[in-house]
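**Q** Quick one: the structure is below, questions incoming.
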Amino acid sequence: ATAGVVAPGLFRAIAGVVPQRLGQFNAQAITNTVWAFATAGVAAPAVFKALFGAAFAMPVERFTTGNLTQLWQAVLFVRHEAPDASIPMPDAALEARLRSALIDSDESPSNQQRAVSAALRRIGWAHEFEHRTAEGLSLDMAQPGNKVCVEFDGPWHFLTTAQSPQQQQPPRRVPDGATQFSTRLLRALGWTVVRVPFWEWDPLHRDEPAQDAYLRTRLP
């Protein structure tokens with residue numbers, strides 16, 4: 001899931017044993033598994049029902065803030081990408097706790113993100129900086145009325161494919177599983193997502209005309 005690798009056989013095999021092995025799962029194991037299925041986009045109703053049932057039966061204090069964040073992301077996956085997967089839903093108080101964990105876990109904006117925001121304003125693309133959706137998702141720059149967002153993706157958003165010494169090509173960067181999941185979920189919520197990768201943006205450092213021209217080509 002983290003690598004964004006499609007592996008249906010692996011997930012089918014895991015799905016076949018999760019309900020039988022559930023008694024061996026602690027809070028971390030429940031979280032890891034349910035997040036992996038959601039991030040990989042695998043709609044496995046029996047797995048989600050078993051894992052969420054176990055999670056919501058546990059005292060919330062057994063889960064770290066990171067665990068609660070991942071559980072909430074999995075809830076959003078089921079609601080918006082796999083609505084046929086019937087699961088026990090959290091009550092209002094637990095739902096608020098899960099959503100708050102996601103909000104509290106977000107990182108501070110980077111200098112590159114601020115530079116992209118400044119360039120967008122220069123070209124007349126008015127937006128909210130660090131917009132928060134109703135679901136608790138944080139968007140770098142957004143026009144909520146139009147449901148268009150611009151996301152700056154730093155190096156931590158990508159996996160780099162290995163290159164042999166004989167290959168004279170730049171490394172191929174692939175969005176990691178979490179970034180792919182974020183894009184899918186936002187699109188399921190009706191957002192148009194524009195992603196600005198760091199390797200395209202960083203060479204434009206201090207060249208405002210070039211930054212402005214680049215963003216004009218990216219906006220819908």
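**Q** Restricting to bridges with both residues inside the chain, how much of the DSSP beta-bridge set is antiparallel, in percent to the nearest 5?
**A** The antiparallel fraction comes to roughly 60 percent.
**Q** What ranking, highest mean first, results for peptides 176-183, 195-202 when packing means the other Cβ atoms within 10 Å averaged over each residue?
**A** Highest to lowest by the protection proxy: 176-183, 195-202.
**Q** If you split all Cα-Cα distances of the chain into 5 Å bins from zero, what percentages do you get per bin, shortest first?
**A** Answer for the chain: a P(r) of 1, 6, 13, 16, 17, 14, 12, 9, 6, 4, 1, 0 percent.
**Q** Give a residue-ordered list of calculated ³J(HN,Hα) values for region 128-134 (Karplus: 6.51 cos²θ - 1.76 cosθ + 1.60, θ = phi - 60°; whole Hz; x for Gly, Pro).
**A** Values per residue, Gly and Pro as x: 9, 8, 6, 6, 10, 6, 4 Hz.
**Q** Per the 1.4 Å probe, what fraction of the accessible area of the chain, in percent, lies on carbon and sulfur atoms?
**A** Here carbon and sulfur together make up 53 percent of the probe-accessible area.
**Q** Considering only protein heavy atoms, what per residue accessible area in square angstrom results for the chain with a 1.4 angstrom probe? Don't jump to the answer; show the numbers that get you there.
**A** Numbers: 11480 Å² over 220 residues.
Here the residues of the chain average 52 Å² of exposed surface.
**Q** If contacts are Cα pairs under 8 angstrom and at least 6 residues apart, what is the relative contact order of region 1-61 in percent?
**A** So the answer I get is 45 percent.
**Q** Give, in nm to one decimal, the length gained when the segment between VAL174 and ALA126 is fully stretched (0.36 nm per residue of separation minus the Cα-Cα distance).
**A** My answer for the length gained is 14.3 nm.
**Q** What whole number of Å gives the distance from the Cα centroid of region 165-214 to the Cα centroid of region 76-100?
**A** Taking the Cα centre of each part, region 76-100 and region 165-214 sit 30 Å apart.
**Q** May I pose another question? Largest first and to the nearest Å, give the Cα extent of region 32-88 along each principal axis.
**A** Each principal axis gives a Cα extent; for region 32-88 these are 29, 18, 16 Å.
**Q** Name the residue from PHE158, GLY145, SER108 whose Cα lies farthest towards the positive end of the charge dipole of region 107-158, charges +1 on Cβ of Lys and Arg and -1 on Cβ of Asp and Glu.
**A** GLY145
**Q** Let me ask you something else. Per the Kirkwood definition applied to all pairs of different Cα atoms, how many angstroms is the hydrodynamic radius of region 1-47?
**A** Values: mean 1/r = 0.0912 Å⁻¹.
After inverting the mean inverse Cα-Cα distance, the result is 11.0 Å.
**Q** Place the peptides 136-146, 38-48 in order of packing, highest mean first, counting for every residue the other Cβ atoms within 10 Å and averaging per peptide.
**A** Output ranking for 136-146, 38-48: 38-48, 136-146.
**Q** While we're here: Once you keep just the Cα pairs under 8 angstrom separated by 6 or more residues, what percentage relative contact order results for region 71-198?
**A** About 22 percent, as a whole number.
**Q** How big is region 1-113 by Rg and Dmax over its Cα atoms, in Å?
**A** 14.3, 48
**Q** Per-residue HN-Hα couplings for region 82-91, Karplus 6.51 cos²θ - 1.76 cosθ + 1.60 at θ = phi - 60°, whole Hz, x for Gly and Pro?
**A** So the J values, rounded to whole Hz, are 9, x, 7, 7, 6, 9, x, 8, x, 6.
**Q** Also, quick follow-up: Quick one: among ARG62, ARG172, ARG184, which has the greatest mean-square fluctuation in a GNM of the chain with alpha-carbon springs under 10 angstrom?
**A** Ranking ARG62, ARG172, ARG184 by mean-square fluctuation puts ARG172 first.
**Q** Could you work out how far apart the two model spin labels at ALA134 and LEU22 are, taking each label as a point 7 Å from the Cα in the direction of the beta carbon, and quote it in nm?
**A** In this crude label model, ALA134 to LEU22 measures out at 3.1 nm.
**Q** Mean separation of Cα pairs under 8 Å and 6+ residues apart, divided by the residue count of the chain: what relative contact order is that in percent? Don't skip to the answer; put the middle values down first.
**A** On the way: 261 pairs, mean separation 43.3, N = 220.
Result for the chain is 20 percent.
The values are calculated or read from the model by the stated rules, or taken from the named source; none is laboratory data. For clarity, every value in this text was computed on a predicted model and none was experimentally measured. Note that each Cβ is placed from the backbone with ideal geometry, even for glycine, and that neighbours are counted across all protein chains shown. The accessibility values were calculated without ligands, DNA or RNA, using every heavy atom of the protein model including side chains. Shrake-Rupley method; radii C 1.70, N 1.55, O 1.52, S 1.80 Å.
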